[in-house]
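I have placed the structure first, in the form of structure tokens, so that the comments after it can refer back to it.
The values are calculated or read from the model by the stated rules, or taken from the named source; none is laboratory data. Bear in mind that the values here come from a model prediction, so they are computed numbers and not experimental data. Here the Cβ positions follow ideal geometry from the backbone for every residue, glycine too, while neighbour counts run over all protein chains shown. These accessible areas exclude ligands, DNA and RNA; they are computed on the full protein's heavy atoms, side chains included. Shrake-Rupley method; radii C 1.70, N 1.55, O 1.52, S 1.80 Å.
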Amino acid sequence: MTFGLTVLMLFAEIYKTKSIKANKKLILLCLITLIGVLSVVLAPAEFVRMNTEQNVNRLEIAKDATKFIAQSFFASKSAFLFMFLFNLLSGIYAFQKGEKKERIVIMLICILNFIINCYHIFINKSAIFDVFKILAILLSIICYGIIIIYLNKKIYGTKLVTPLTIAIILMVGSEFMMIVSPVIGERNMLSCFMMFAVIICIIASKVNLKKESIIVAIIIVITLLVNLRTAIGYRQTRIEDTENVKIIQEYKKANKDGKLELYKYSDENYAWSLPYRSEFHEKKYKKFYDIVDAQIEWKER
């Protein structure tokens, strides 16, 4: 994402200055971030993973990943505050900066979009994608599109390459790459929500919030409290993982052979690469802790 952001910023500056030489520092930064990308893409572990996925059905993976991303973005509680702030700030901006007709239209679209989001998150929680749910998601995408086009035109005029459009491209692009990934989970949405936060900040910077500062402060505090739950969840996972490592160390010290009892995480939403969910990950888990011959029995807590 850093490389993509740098490239897009370079294109924007070249378009603005009509010169490549005037952007030597950005070109150098692009090369540095490219080296960073290659260090990840060309890492030995990536080739090991590729060799283990030769018989994977890419079409099925793409379908499942698309459903997961759509469900996580439009129908997860973790997305609620982002959607609330986006629609709220967009509506406030239209009210403050827009003409009479566009003000009414954009505010109504923001309200409609928010209602659709709430429907997915609090009413239709099912992960089953029926025709009605697909149509509702498409309608929400159209609402987002109209709002973004309006904001970009109103804030930046006729410019196409702007901080807002760059953030949109990176947000969508980060998840588009995940569609072909055989391993996908909630942490894959991190880049998406990071860029969503950037978009919200851009809109907030263009809105006069002096009168509404108390409301905004309350929303920020609520957001921090919600994120605190995530920190507590990962802390608990760390504690439980440490307990398993102690059991493994005792098992090795006693020179035991065969059965090894370990415990599953109490909340899998705050864990990753679960060895008891994947034969591949369990194999690597055993190799890492040098217990290749152990027969692990994963117990509930």
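Could you grab me the full set of residues in the stretch 270-301 that are open to solvent by 100 Å² or more (accessible area, probe 1.4 Å) and either within 23 Å of Ser72 (Cα to Cα) or not in a helix (DSSP H, G or I) (or both)? Hits for the stretch 270-301 are Arg277, Asp290, Asp293, Gln295, Glu300, Arg301. Within the stretch 1-60, being at pLDDT below 75 and in contact with a Phe, Trp or Tyr (Cβ under 8 Å, 6 or more places away or on another chain) holds for one residue alone: Thr52. Screening the stretch 209-258 for residues that are in a loop (DSSP other than H, G, I, E, B) and not small (Gly, Ala, Ser) and picking the one that is least open to solvent (accessible area, probe 1.4 Å) gives Leu209.
State the number of residues belonging to the stretch 1-33 that are open to solvent by 60 Å² or more (accessible area, probe 1.4 Å) and more than 16 Å from Thr162 (Cβ to Cβ). Number of matching residues: 13.
If we scan the stretch 80-94, do we find a residue that is open to solvent by 30 Å² or more (accessible area, probe 1.4 Å) and touching a Phe, Trp or Tyr at 6+ places or on another chain (Cβ under 6 Å)?
Yes.
Restricting to the stretch 130-154, give me the number of residues that are open to solvent by 50 Å² or more (accessible area, probe 1.4 Å), touching a residue at least 24 places away in the same chain (Cβ under 8 Å) and of a type in the set (Phe, Trp, Tyr). The qualifying residues number 0. Of all residues in the stretch 148-166, those being at pLDDT 90 or above and over 14 Å from Ile200 (Cα atoms) number 4. Against the conditions (1) within 18 Å of Ile142 (Cα to Cα); (2) open to solvent by 40 Å² or more (accessible area, probe 1.4 Å), Ala75 satisfies every one except (2). Exactly one residue among Ile137, Ile69 is touching an Asp or Glu at 6+ places or on another chain (Cβ under 7 Å) and at pLDDT below 90, and that residue is Ile69.
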